[in-house]
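The values are calculated or read from the model by the stated rules, or taken from the named source; none is laboratory data. Quantities reported herein were computed from a predicted structural model and do not represent experimental measurements. Here the Cβ positions follow ideal geometry from the backbone for every residue, glycine too, while neighbour counts run over all protein chains shown. Ligands, DNA and RNA are excluded from the accessible area calculation, which covers all protein heavy atoms including side chains. Shrake-Rupley method; radii C 1.70, N 1.55, O 1.52, S 1.80 Å.
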Amino acid sequence: QGGLIHPSSPGCYYYLPPTVRAMEKLIKVIDEEMQAAGGQKLNMPSLSSAELWRASGRWEQMGTELFRLADRHGKDYCLGPTHEEAVTELVAAHSNLSYKQLPLRLYQVTRKFRDEPKPRFGLLRSREFYMKDMYTFDTSEEAARQTYDLVCNAYCSLFNRLGLPFVKVRAATGNIGGTVSHEFQLPADVGEDRLMLCPDGHFAANVETLNGEQTSCPTCRTKLTRTRGIEVGHTFYLGTKYSSVSNAVFYSPENKPQLAEMGCYGLGVTRILAASIEVLSTEDSIRWPSLIAPYQLCFIPPKRGSKEEEEEGAALLERVYDDLAEALPHLAGDSVLDDRTQLTIGKRLKDANKLGYPYVVIAGKRVCEDPPVFEVWNQNAGEVLFLTKEGVIELMSKVQVP
C-alpha cells in the first residue's frame, strides 16, 4: 500500500525506489560499523559449487532449503544462502599466509537465497533477500573470541544508532555449526522466535536453547518473562569446523602450518528494514529509523486556488526549500516537494505519513503572517511545531544522514 515493495512470486519482491534508498543508507551505516571493526568488503559469487558443500557435509544437511541447479555440463551448484564454504576456500587458496596477516575480517552485502517452505510476512521471511555476512580468521581461540566480542559490539552500536529496541540472546548454532552463538532480536508480537528474558537484563535466551525447566534467571533468580522476537542478526564462533575441511592454514612464528580459528556474523539487511517498520510504526503511518528514512523531509505547498496560495504561500515554501538546500547541502537530495496542488493538504499529509518522512513542512494558514510561519510535523517525536523559515533550517540542521 505504501509503494515500498511489490510481490513477484512467493517470497520474492520488487524493491521500489524508496525502499532501495533506505536500503542503501542502511548499508552505508553497516559499512561504517564493519570497517570500524577492521572489516574489509569483498563480493563472492551467488553460484556455489556443490563440491564445496559436499566436502563440508552441508549439501545433504541443508536438504530442501538449498536452491540447487546444474550447469550445461551437468555440474551441480547451489545459490548461496550463506558463504562459509566459499570464503574458507578463498582463504585456503592463499596458501602462504603468515600469522602477521591475521586477523582477516572479510564481509559482503549480497543477495542470498533460501527455499523457504512457507515464505510469509513480506521481507521478514522471503526466499531471496539481502544479507551482510562477515567471516573472520584468527590465529588462536583467544584471538577469535576477542574478534567475536568486537563484532557483537559493532552490532550493538548499529542497532543503537538506528534507535531500535534490541536484545542480544543466547542461541542455538543450527546448521551453521560452531560452539557459541547469539541472536540479535527485536521484540515484536509478530516475531517467530520465542525468547526468555530476565527483567533486570542479566540473562536472555532463545527458548530453543533452554531445557523446559528453566524459568528463573541464573544470576538473580528473578522469574524470566516470555516474549516474541524478530531475529535481525546472528553471530557464531566456529572454531576450525570449516578451516579444517578446506585446509585454511597460516604459518605460526615457528613457521608451522596451523588451522585458522573462524567466526561468522550475519545481519539481515532487508529484514532490518521490514522489522524496524514493524516495531516503530503506528496504526496509520510508517515510521523508519530516522537515519535511514528514504527521504528526510517533505514540503507541502497550499492547495491550488486557496487563500494561502493567492498570498504567495507556494512561493514562500519554495524559498524555504531552496534556502534549506543551500544552508544544508547534505539534505538537498533528501527533500521532496509534493507539488500535487490539486489535492488538499490533508490528503497529501496522509500520503506523507504512509511513506514515513520524519519531517513534513506545510504552508498552512499561518504562512500569510509576517514573518511567514510554517507548520512542521516532527513525526518520530509525534509533535507539531510552528516555525519561521530560520526555525525550520535550525531544526533540520540537527538531522543526520549517512
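So here's what we get for this one:
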item: Meets criteria (open to solvent by 30 Å² or more (accessible area, probe 1.4 Å) and either assigned to a strand (DSSP E or B) or at pLDDT 90 or above (or both)) for E142; result: yes
item: Odd one out for A248 among (1) open to solvent by less than 10 Å² (accessible area, probe 1.4 Å); (2) without any contact (Cβ under 8 Å) to a residue 60 or more places away in the chain; result: (2)
item: Candidates L90, L150, L158 - the one that is on the phi < 0 side of the Ramachandran plot, in a helix (DSSP H, G or I), touching a strand residue (DSSP E or B) at 6+ places or on another chain (Cβ under 9 Å) and surrounded by 22 or more Cβ atoms within 10 Å (Cβ to Cβ); result: L158
item: Conditions (1) open to solvent by 40 Å² or more (accessible area, probe 1.4 Å); (2) within 21 Å of N43 (Cα to Cα); (3) under 26 Å from the mean Cα position of the chain (by Cα); number of the one not met by R120; result: (2)
item: Any hit, segment 98-116, residues being in the same structural domain as G233 (by the TED database), among the hydrophobic types (A, V, I, L, M, F, W, C), open to solvent by less than 40 Å² (accessible area, probe 1.4 Å) and in a helix (DSSP H, G or I); result: no
item: Verdict on A55 being assigned to a helix (DSSP H, G or I), among the small types (G, A, S) and under 17 Å from G268 (Cα atoms); result: no
item: Whichever residue in segment 348-371 is open to solvent by 40 Å² or more (accessible area, probe 1.4 Å) and under 31 Å from the mean Cα position of the chain (by Cα) and, among such residues, is nearest to P18 (Cα to Cα); result: L355
item: Conditions (1) closer than 29 Å to A274 by Cβ; (2) without any contact (Cβ under 8 Å) to a residue 40 or more places away in the chain; (3) of a type in the set (A, V, I, L, M): number failed by M396; result: (2)
item: Given (1) open to solvent by less than 20 Å² (accessible area, probe 1.4 Å); (2) in contact (Cβ under 8 Å) with a residue 60 or more places away in the chain, number of the condition H330 does not satisfy; result: (1)
item: Residue in segment 18-30 that is part of a loop (DSSP other than H, G, I, E, B) and not β-branched (V, I, T) present; result: no
item: Condition check for R170: surrounded by fewer than 19 Cβ atoms within 10 Å (Cβ to Cβ) and in contact with a Gly (Cβ under 9 Å, 6 or more places away or on another chain); result: no
item: Condition check for T227: among the hydroxyl-bearing types (S, T, Y) and without any contact (Cβ under 8 Å) to a residue 40 or more places away in the chain; result: no
item: Test result for E311, among the acidic types (D, E), at pLDDT below 95 and either more than 30 Å from A205 (Cβ to Cβ) or surrounded by fewer than 22 Cβ atoms within 10 Å (Cβ to Cβ) (or both); result: yes
item: Output for segment 251-296, where each listed residue is more than 14 Å from L355 (Cβ to Cβ), open to solvent by less than 30 Å² (accessible area, probe 1.4 Å) and assigned to a helix (DSSP H, G or I); result: V269, T270, I272, A274, A275, S276, L291
